Amino acid sequence: MRTTTRTHHRHFAPFALITSVTLLLAACGSGSNDSTGGTAQAAAKSDDGIPTTDVVSAIKKDAAAAGLLPSGVRSLTVAVSVGGTPPGTAYLSDGKTLTGQDLDFTNAVGNVLGIELRTEQASFEAILPALDSGKYDFGASNFGVTDERRKVIDFVTYINDGQGFATRADSKLSKITDLKQLCGLNVATGAGTTFEATLEENKKVCTDAGEKAYQVQTYSEQGAIWSSLQQGRSDIVMSTINGLRYAVAHQQGVKFLNEYHRLDVGFAFKKGTKLAPAFQAAVNKLIADGTYAKILKKWGTTGSAITKSQISPPELKD
């Protein structure tokens, strides 16, 4: 079942596809600028810029991991946010087939556990609140693990990322190490993300310093974020490192500034879920047998690798 009407974006011209990069995803990884960015460019050379190598279907059920599932679990409903380009969840040119890094990890874990997965679409900001009601069994849309979220959500990590910044190529900004550098600027970001939370929580750094506060501009449509930057309504974009690097590699006139804050990323569950141990075991199985590395290579995010999955780890601190 689809819970969004935004699928028409897949018919846009190439520029629109580029500007729809996954800015609502709350954290996915990076590594060095050179290795991650370069790999992303290489991976984007297949089918409309979206890699289509099948690295999932051959995965077999692992009895040990599957044995950790609660009794009777045969299928689960996963919520994803759709509307971007690699590495986020998007449509292939047929307008029907969903693809993306989070989806590959989801399907890979599903195969390891031997369960059927029903994928439903939802806006990014709607997924986490819906977990508590039981509408979805888990969410897979690059959710960053923060201490605030851990109060109400359980996570099983599968990748590492951070918050980053990008701006127009003609900007004098070169690196953001302190949010006071944003004072007086308009900052575009995705609604309901860790980026919005970080920006809103720290607005006082400007007023405390006697400077004009920056303005946080939130968008639910990813393409609108880049349009706002390109048209001068916004001065800077805050989003995922992988998403920003992909965007910069595929459109002119913008530049990646830097990583700002690293975060683990995980599958999201209702607090107290009994599914977490099985999902953790499945991710660790994928890491051990080399499938994990193949998924990262496919999406150009090898610098985002983790060495083992964790259940709701503390938020990473810089």
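The values are calculated or read from the model by the stated rules, or taken from the named source; none is laboratory data. What you see is a predicted model; the values in this text were computed from it and never measured. Every residue, glycine as well, gets a Cβ built from its backbone with ideal geometry; the counts of neighbours run over all protein chains shown.
Taken together, 223, 243, 210 contain a single residue that is farther than 28 Å from residue 136 by Cα and small (Gly, Ala, Ser), which is 210.
When you check residue 119 against the structure, is it part of a strand (DSSP E or B), in the same structural domain as residue 49 (by TED's automatic domain parsing) and not charged (D, E, K, R), yes or no?
Details: part of a strand (DSSP E or B): yes; in the same structural domain as residue 49 (by TED's automatic domain parsing): yes; not charged (D, E, K, R): yes.
Yes, satisfied.
Taken over segment 299-312, residues that are more than 22 Å from residue 273 (Cβ to Cβ) and either surrounded by fewer than 23 Cβ atoms within 10 Å (Cβ to Cβ) or small (Gly, Ala, Ser) (or both) amount to 6. Look at (1) outside the structural domain of residue 223 (by TED's automatic domain parsing); (2) at pLDDT 95 or above; (3) part of a strand (DSSP E or B) and you find that residue 142 fails only one, number (2). When the criteria are applied in full, residue 190 fails the requirement of being on the phi > 0 side of the Ramachandran plot and in the same structural domain as residue 247 (by TED's automatic domain parsing). Each residue in segment 152-210 was checked for being touching a Cys at 6+ places or on another chain (Cβ under 7 Å) and among the basic types (Lys, Arg), and 1 pass. Comparison of 151, 203 shows that the only residue that is at negative phi and outside the structural domain of residue 133 (by TED's automatic domain parsing) is 203. Taking the criterion of being closer than 14 Å to residue 158 by Cα and either among the hydrophobic types (A, V, I, L, M, F, W, C) or free of Cβ contacts under 8 Å to residues at least 12 places away in the same chain (or both), the residues of segment 83-109 that qualify are 103, 105, 108, 109.
None of 163, 121 is closer than 23 Å to residue 222 by Cα, touching a residue at least 40 places away in the same chain (Cβ under 8 Å) and touching a Lys or Arg at 6+ places or on another chain (Cβ under 6 Å) except 121. Of everything in segment 90-104 that is touching a helix residue (DSSP H, G or I) at 6+ places or on another chain (Cβ under 6 Å) and at pLDDT below 90, the residue that is nearest to residue 120 (Cα to Cα) is 91. Among helices (runs of 4 or more DSSP H) entirely within segment 236-318, having at least 2 residues that are more than 16 Å from the chain's Cα centre (by Cα) and assigned by TED's automatic domain parsing to the domain that holds residue 197 singles out 241-250.
Criterion applied to 155, 165 was being part of a strand (DSSP E or B), more than 20 Å from residue 109 (Cβ to Cβ) and aromatic (Phe, Trp, Tyr), and the one residue passing it is 165.
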